[in-house]
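Everything below concerns the one structure shown next.
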Amino acid sequence: LAAVTAWQGRSLVGFLPAIPLACGLPQLPHCVSAPIETPAEEIMGAVPTPFAELKPKVLRVQCLSVTRRLQRKGIGLAMARYLVDWARQTGWERIQGWAFAEADTGDAYRWLPSIQFWEKAGFQRGGSCVFDPTDPITNQSGFIFSVDFGAAGADVRQRGGL
């Protein structure tokens, strides 16, 4: 798990986590409100895949949070663009995720930006899908989004989505 963070003085004011696909670790939550259901011994006993051996080199993002008093000031957009620049420079092939079709999801899922946010940050909209049909809030229309870096990223796009 990696994260881009934004700070104001000594206070954390923004958080954008990303997790590599097929990284050798058990599925971990990468959003602050997600419950941790993976047993600690499974996490402690996992052997991470070294970056050079990671295939595909794909990061998954989804949530992004900025403290309420600083929202709509460009902090989230700056974090998303920083993640794209960092991933491109460090050899990742792709960043992908899922976003709601509409921005207004209420307070419960405020940390899931809309597809319009990700497009503004430079991501491309993909096919439509529902994130979690068993959850009353995420059982709604959304889109896959991604940004690819070069020919290796195009190859990943052809193999499939999330």
- [ ] Would you rank T134, T67 by solvent-accessible area, highest first, keeping every protein chain in place and using a 1.4 Å probe?
- [x] T134, T67
- [ ] Per residue of the range 128-134, in order, report the coupling 6.51 cos²θ - 1.76 cosθ + 1.60 (Karplus, θ = phi - 60°) as ³J(HN,Hα) in whole Hz, putting x for Gly and Pro.
- [x] 8, 6, 10, 5, 9, x, 8
Task: Estimated vicinal HN-Hα couplings, Hz - the range 41-55 in sequence order (Karplus 6.51, -1.76, 1.60; Gly, Pro = x) - done: 5, 5, 5, 5, x, 6, 10, x, 7, x, 3, 4, 9, 5, 9
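The values are calculated or read from the model by the stated rules, or taken from the named source; none is laboratory data. None of the values given here were measured: they were computed from a predicted structure. All accessible areas refer to the heavy atoms of the entire protein, side chains included, with ligands and DNA or RNA removed. Shrake-Rupley method; radii C 1.70, N 1.55, O 1.52, S 1.80 Å.
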